[in-house]
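Everything on this sheet refers to the single structure shown next.
Bear in mind that the values in this text are calculations on the coordinates, not laboratory data. The model shown is predicted, which means the values in this text are computed figures rather than measured ones. Every residue, glycine among them, receives a Cβ derived from its backbone with ideal geometry; neighbour counts consider all protein chains shown.
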Amino acid sequence: MSRRGTAEEKTAKSDPIYRNRLVNMLVNRILKHGKKSLAYQIIYRAVKKIQQKTETNPLSVLRQAIHGVTPGIAVKQDV
């Protein structure tokens, strides 16, 4: 038996502008050399372009895009 306690699950924080956890998770995925401010600039520019071109809520478009690329079935490998 381990003497250490179990690790608590960390919840993702929300981003400062849209208050959305999905945006913050995406920023953490595209971090380049630890430059989080650069990653935020990239995401916010992309969201602004989505807003201008589609004239809809850019967060719903982002959510649909993420949902479209995630696999529907989890694949397990036998080792």
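Points to keep in mind about this one:
- Length-normalised contact order of the stretch 21-66 in % [C-alpha pairs under 8 Å, at least 6 apart]: 25 percent
- Both the radius of gyration and Dmax for the chain are 16.9, 57 Å, in that order, over alpha-carbon atoms.
- FRET efficiency, 1/(1 + (r/R0)^6) with R0 25 Å, evaluated for residue 30 and residue 54 via beta carbons: 0.75
- Principal-axis tilt of helix 36-54 within the chain, Cα atoms, nearest 10 degrees: 50 degrees
- Extreme residue, positive dipole direction of the chain, given options 33, 57, 69 (C-beta unit charges): 33
- Residues whose placed amide H lies under 5 Å from that of residue 20, excluding near-sequence neighbours: 15
- Projected label distance in nm at residue 18 and residue 78, using a 7 Å step from Cα toward the beta-carbon: 4.2 nm
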